[in-house]
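Notes follow the structure.
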Number of protein chains: 2
Amino acid sequence: MSSHTSGPIDPIRLREVLDGPWAEVRDAYRDQLDARFLPVYGENDDQARERVSRLLTDLPVELGIASAFPSAYGGRSDVGASIVASEMLAQVDLSLMVKAGVQWGLFGGAVAALGTPRHHDAYLRDIIAAKILGCFAMTETGHGSDVQQLRTTCTYDPQTQTFDLHTPHEAARKDYIGNAARDGRMAVVFAQLITQGRRHGVHAWLVPIRDAQGNPLPGVTIGDAGPKAGLLGVDNGRLSFDHVQVPRDMLLDRYGQVAADGTYSSPIANDSRRFFTMLGTLVRGRVSVGGAASAATKSALTIAVRYGDIRRQFTTPGADREVPLNDYLAHQRKLLPALATTYAYHFAQAELVAALDEVQGDDHPVDEHRQRELESRAAGLKAAQTWHATRTIQTCREACGGAGYLAENRLPGLKADTDVFTTFEGDNTVLLQLVAKGLLTGYRDEFGSLDGWGRASFVAEQVREMMLERTAARSLIQRLISAVPGRDEEVAVTDRGWQLKMFEDREKHLLETAIRRLRGGAATKKDRPFDIFNDVQDHVLAVAAAHIDRVTLEAFVAGIERTADPTVRALLSRVCDLYALTVIEADKAWFLEHARFTPARSKAITAVVNDLLKELRPQMRTLVDGFAIPEAWLHCAILREEPGRQETMAAHDAADDRPPVPA
Amino acid sequence: MSSHTSGPIDPIRLREVLDGPWAEVRDAYRDQLDARFLPVYGENDDQARERVSRLLTDLPVELGIASAFPSAYGGRSDVGASIVASEMLAQVDLSLMVKAGVQWGLFGGAVAALGTPRHHDAYLRDIIAAKILGCFAMTETGHGSDVQQLRTTCTYDPQTQTFDLHTPHEAARKDYIGNAARDGRMAVVFAQLITQGRRHGVHAWLVPIRDAQGNPLPGVTIGDAGPKAGLLGVDNGRLSFDHVQVPRDMLLDRYGQVAADGTYSSPIANDSRRFFTMLGTLVRGRVSVGGAASAATKSALTIAVRYGDIRRQFTTPGADREVPLNDYLAHQRKLLPALATTYAYHFAQAELVAALDEVQGDDHPVDEHRQRELESRAAGLKAAQTWHATRTIQTCREACGGAGYLAENRLPGLKADTDVFTTFEGDNTVLLQLVAKGLLTGYRDEFGSLDGWGRASFVAEQVREMMLERTAARSLIQRLISAVPGRDEEVAVTDRGWQLKMFEDREKHLLETAIRRLRGGAATKKDRPFDIFNDVQDHVLAVAAAHIDRVTLEAFVAGIERTADPTVRALLSRVCDLYALTVIEADKAWFLEHARFTPARSKAITAVVNDLLKELRPQMRTLVDGFAIPEAWLHCAILREEPGRQETMAAHDAADDRPPVPA
């Protein structure tokens, strides 16, 4: 496991491992999406919207983006393929990926998941074919994360057999809604269902918002969210409803029905539980966003690593050429741990997509416990991958200096477009809290409500076993951990079992002490219920982060275990060492505070990380080439092979290019 | 020093402390720059360039932006005022600030500093009046940080008494040059001076590049750097010269002269030393950029903190309204340490500006040792402030959720515009290396050359005293440190002397061990000279970072010492505690590894930080109001007081806004 990596490896062998079970979807995109689908630098909002809107309808749907829909309506009942497709699209153009995500994931996905056959029969084919473009109108100006508290109302009137959809005040308008400002003809609108004078919580309706000419329908006010940091091709807008009449059968009524006389019925009695069941069907959005963030991170790293091999800076004694940036330890420190982490998330995301595909596959009822676990995993990996993207793309842009600030070198677009990922499809901090809550309650609480903490702190029993359920490579991991001798100091820090044990120990200890503090708070802060939770919020978020780290490392280990090729396996094993030690190094203080290792060993970890950087330096290019991003998709001027340009620049840059100096 | 902060403080009293000696410059800007000078959201590049270009010439120069120029030519010989003016401009519009910085700082500053009276008489008045717009053409496509290795040549021909300015190949073209793509009529061009067949290193010439109609002059090729991540109003371009004839007297010849017959002379014999003396005059650019980064950070924090008071999310048991974001510990953890750090850098920057003003004041010769120290301080604080800006503005944008992604809320522009600050006017990593080199050599090396490390590792003697020279409050700091009893564990972590001692200890130890490792490497890696330095590059960068932290804390302590008002003093003292403990907490692992405190004390630090957050929560608004950014300058829709909007939203947001639920 700690054998040194040997000579050059063909990146194609890495690619085969990374591409995984939906390799043919990835290849279809690589083959068929040409330069026409790439972003155009320097466009204004109108130009970008017009272009991306056109491309959305030109997109070859058969490549997989709509494959999650039932086969009966033109999909493939293949959830995994749809996620992988959106990861690929994210490497082509993030505006197009988000716009597609709104159309087929959120809008179409909501009609499929929350509607019933009459909705499916009437709309799904046109939605899949992009003949009806739509919006997913959930978020309001006043409520984003706490969507159970939406203020839009939809009140049933048995006289007319219609609902009255209404925006009571400005804070209740739908905001940031993709496809709203320009293209959407219909919207899935979330609102409080009221019938017979009683509220039944948030439900969804399928509501036409524009006529065939594109004008807003009576009672619908459409605004434009205006210029944004990025995603210029996505027409985010605002929707308000002034007593809009919605026919009864436009309620997407899989989880809640209103009879003609106004009688409400539902298979799920509890409003909150019903709502979170409805939200649960939307977990794919989070999985897509996490995957898209990592896909964009791979593009950025490919650009920065390749530039770091070309770009030279400062001479060194005795050398006749300047030193490539990638040879500097400080540059390796910027790029290689980020690259190793990107590999780790790749395997974690692949495992998540496989689990999603299994849990939400069409041919069996959803296992509720597994669904909860899946939601937690999706939330955690979405937060981890999107924050990693924001940090890493920023690092890549800085690693390319002034060139990294020019649009023609792609990085500014990657940064700006992915930036919103940390706060949409669930704010990352709120998502980490959701993960923590699942761990504290062993997923046995009343669903994922985030307001207050309910019984969270008081039900935490037998959490330990729950937490340690592993989805992959369980026995291997247990064996590796068991093989670690009692006295840790004798084990190399590159021992996989020791690394796994450190990750597991930290998570367990953080969880146990969080539970203890919550219980203590509950006893002593009875008059300050908010403080019980708020005083430990940082601790609770640390539990979630440690959990995601552990899940990620285990997925990486499982991925290596599945790899047959011994040289690829050896390389991945070193990358995994770097990932594990990067995480441990970043949280060294915790391990020292809790006597998990000595100060001497702590210093040794930094030395080993530096050794790994030196060892992996020659593999940097191979590691990014393994991502197999088509050359054209990189769309980056500093990497472009103008006739002999790099060669000319390199030749001229040699030190002997200086004018002769006579003695 | 550790007394608790009391009730509300009038922000005006904070503002008086922060505004400092150039308060009247700050007030003049606040009073006179109205909405016309603010950025326009959603512009394309052409629109932004046209507008900012017009505003540049409309800018009331008398407010201070050109005050560094000698009084004889229309300036005020007031260097400090010019820096403060550019800090203020950074809160109005960063494109305008950068464009002004190019015109009056880099271009005009180079003519003033590197030219002689014939250049001053001929050009300075028109430059100050923005009648001649100009560029600072140093960076080349192939050489940014290592500007001593520029490839452009300028060869003297005694026959014609002209220089031949030439771009030998594509990598030698001038790149990223502000004012080049659209507006510049002249450029200060840096190139290798060659005369009588001999190179004399990099010098600068004042070269016309466009005619009166704006067309490129013969032999000059002007390109456009194209769309960028931000700074849309700045016309960055590329310049190439095809054997352009430059009259002899256009050499800016303060530090190197060429006689009619081609004889070269200079008051500084060594090429490298001469070049770094020339560069040293340009230290103001770095001081301006660091200050501008902090100014933008203050704008971002003001927006995020105020939004965090307005925006409510999730209910808490027993409360009838949702909880403001700023009440959450996780939100405080995001914003308050960043705010405390911004205060710390404010005082460090103020001290730096005062030192710059004193060292570069017109009426005395520049003290070379102090100039070196100043350059090091400027480099370090530029790196620290610009990285802090990048991180903090990102955090603020995320803290505002989806709203933070909309251009109308200012944060996207602040992020995109400041992003390049980490890599221009010196790449931050390279600048930290410069700081480290100064510390290792006690500023006695041959100037700030960064290629190789010269004798850096071998001259480090008596460095300790050198390092501990303090520019302010020296005796107070010594007294505070001396008062710390021998056994640290008995001292509160809020004891200022203990905090100062921790900062100082870390810097000393890092420096001493870096020297030891460099010496060891020199002995054992004779055949691998690059590795001697590269193997410790991360350690050396840590020395620089620790040094900047110490300098910053000491400046904060000195600033508090100068504060007369006891309540303001008490508040600043708590903010300083938060800054110091934030730095210590972030580097806890180092202190534990080096037995500077126990694991128990390490945990206590986190608890004290959380206590400080709770204590400072009610002062968040006061702390940002102390920055005294005019309301109009914030230019942010979510803070705008539409008639009663916030009140209406707040009222409607109350929980009792829900439709009644009959029993």
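The values are calculated or read from the model by the stated rules, or taken from the named source; none is laboratory data. The structure displayed is predicted, hence computed values, not measured ones. Note that each Cβ is placed from the backbone with ideal geometry, even for glycine, and that neighbours are counted across all protein chains shown.
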TODO: Please work out which residue is nearest to residue A:334 (Cα to Cα), limiting yourself to the stretch B:405-443 and to residues that are among the acidic types (Asp, Glu) and at the interface with chain A (Cβ under 10 Å from one of its Cβ atoms).
DONE: B:427
Open item on the list: Suppose we filter the stretch A:167-194 for residues that are more than 13 Å from chain B (Cβ to nearest Cβ), over 22 Å from residue A:426 (Cβ atoms) and in a strand (DSSP E or B); how many remain?
Closed with: 1
Open item on the list: I'd like to know if the stretch B:538-550 contains one or more residues that are under 27 Å from residue B:376 (Cβ atoms), more than 14 Å from chain A (Cβ to nearest Cβ), in contact with a Pro (Cβ under 8 Å, 6 or more places away or on another chain) and assigned to a helix (DSSP H, G or I).
Closed with: no
- [ ] Only residues that are assigned to a helix (DSSP H, G or I), buried (at least 16 other Cβ atoms within 10 Å of the Cβ) and within 14 Å of another protein chain (Cβ to nearest Cβ): list them for the stretch A:14-48, please.
- [x] A:45, A:48
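Here's the yes/no breakdown for (1) surrounded by fewer than 23 Cβ atoms within 10 Å (Cβ to Cβ); (2) within 14 Å of chain A (Cβ to nearest Cβ):
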site: B:323; (1), (2): yes, yes
site: B:332; (1), (2): no, yes
site: B:351; (1), (2): no, no
site: B:366; (1), (2): yes, no
site: B:377; (1), (2): no, no
site: B:388; (1), (2): yes, yes
site: B:393; (1), (2): no, yes
TODO: Tally the residues that are more than 11 Å from every other protein chain (Cβ to nearest Cβ), in contact with a Leu (Cβ under 8 Å, 6 or more places away or on another chain) and β-branched (Val, Ile, Thr), restricting the search to the stretch B:149-166.
DONE: 1
Open item on the list: Going by what's in this entry, would residue B:316 be described as at negative phi, modelled with pLDDT under 95 and within 23 Å of the chain's Cα centre (by Cα)?
Closed with: no
Open item on the list: Where the second residue is assigned to a helix (DSSP H, G or I) and not aliphatic (A, V, I, L, M) and the first is more than 18 Å from residue A:355 (Cα to Cα) and lies in the stretch A:274-292, which pairs have Cβ atoms under 6 Å and are six or more apart or on separate chains?
Closed with: A:275/A:148
Open item on the list: Quick check on the stretch B:308-318. Is at least one of its residues farther than 11 Å from residue B:621 by Cα, part of a strand (DSSP E or B), in contact (Cβ under 8 Å) with a residue 12 or more places away in the chain and within 13 Å of another protein chain (Cβ to nearest Cβ)?
Closed with: yes
Task: Residues of the stretch A:294-307 satisfying the condition of being within 14 Å of chain B (Cβ to nearest Cβ) and either in contact with a Ser or Thr (Cβ under 7 Å, 6 or more places away or on another chain) or surrounded by fewer than 24 Cβ atoms within 10 Å (Cβ to Cβ) (or both) - done: A:300, A:307
Open item on the list: All but one of (1) free of Cβ contacts under 8 Å to residues at least 60 places away in the same chain; (2) buried (at least 21 other Cβ atoms within 10 Å of the Cβ) hold for residue A:223; state the number of the condition that does not hold.
Closed with: (2)
- [ ] Could you please give the count of residues in the stretch B:60-70 that are part of a loop (DSSP other than H, G, I, E, B), touching a residue at least 40 places away in the same chain (Cβ under 8 Å) and surrounded by fewer than 22 Cβ atoms within 10 Å (Cβ to Cβ)?
- [x] 1
Open item on the list: Among the residues in the stretch A:126-144, are any part of a helix (DSSP H, G or I), surrounded by fewer than 24 Cβ atoms within 10 Å (Cβ to Cβ) and at pLDDT 95 or above?
Closed with: yes
Task: Yes/no for residue A:513 being touching a residue at least 24 places away in the same chain (Cβ under 8 Å), under 26 Å from the mean Cα position of the chain (by Cα) and within 23 Å of residue A:588 (Cα to Cα) - done: no
Task: Failed item in (1) part of a loop (DSSP other than H, G, I, E, B); (2) in contact with a Lys or Arg (Cβ under 8 Å, 6 or more places away or on another chain); (3) modelled with pLDDT under 90; (4) of a type outside the set (Lys, Arg), with residue A:489 passing the rest - done: (1)
- [ ] Could you run through the stretch B:126-162 and say how many residues are at positive phi and in contact with a Lys or Arg (Cβ under 8 Å, 6 or more places away or on another chain)?
- [x] 1
Open item on the list: Among the residues in the stretch A:109-123, are any more than 14 Å from chain B (Cβ to nearest Cβ), under 20 Å from the mean Cα position of the chain (by Cα) and of a type outside the set (S, T, N, Q)?
Closed with: yes
- [ ] Would you mind stating whether residue A:201 is out of contact with any Asp or Glu (no Cβ under 6 Å at 6 or more places or on another chain), within 14 Å of chain B (Cβ to nearest Cβ) and either surrounded by fewer than 23 Cβ atoms within 10 Å (Cβ to Cβ) or under 20 Å from residue A:170 (Cα atoms) (or both)?
- [x] no
- [ ] Only one of these is crowded, with 20+ Cβ neighbours inside 10 Å, touching a helix residue (DSSP H, G or I) at 6+ places or on another chain (Cβ under 9 Å) and modelled with pLDDT under 95: A:286, A:311. Name it.
- [x] A:311
Open item on the list: For the stretch A:395-424, which positions are acidic (Asp, Glu) and surrounded by fewer than 24 Cβ atoms within 10 Å (Cβ to Cβ)?
Closed with: A:398, A:408
- [ ] Confirm whether residue A:512 is part of a helix (DSSP H, G or I) and modelled with pLDDT under 95.
- [x] yes
Task: Hey, residue B:151 assigned to a loop (DSSP other than H, G, I, E, B) and touching a strand residue (DSSP E or B) at 6+ places or on another chain (Cβ under 8 Å) or not - done: yes
TODO: Hey, can you tell me all the residues within the stretch A:84-116 that are among the acidic types (Asp, Glu) and part of a helix (DSSP H, G or I)?
DONE: A:87
Open item on the list: Regarding the stretch B:263-278, can at least one residue be identified that is of a type in the set (A, V, I, L, M), away from chain A (no Cβ under 14 Å) and surrounded by fewer than 21 Cβ atoms within 10 Å (Cβ to Cβ)?
Closed with: yes
Task: Residue that is in a helix (DSSP H, G or I) and in contact with a Ser or Thr (Cβ under 6 Å, 6 or more places away or on another chain), where the choices are B:81, B:122 - done: B:81
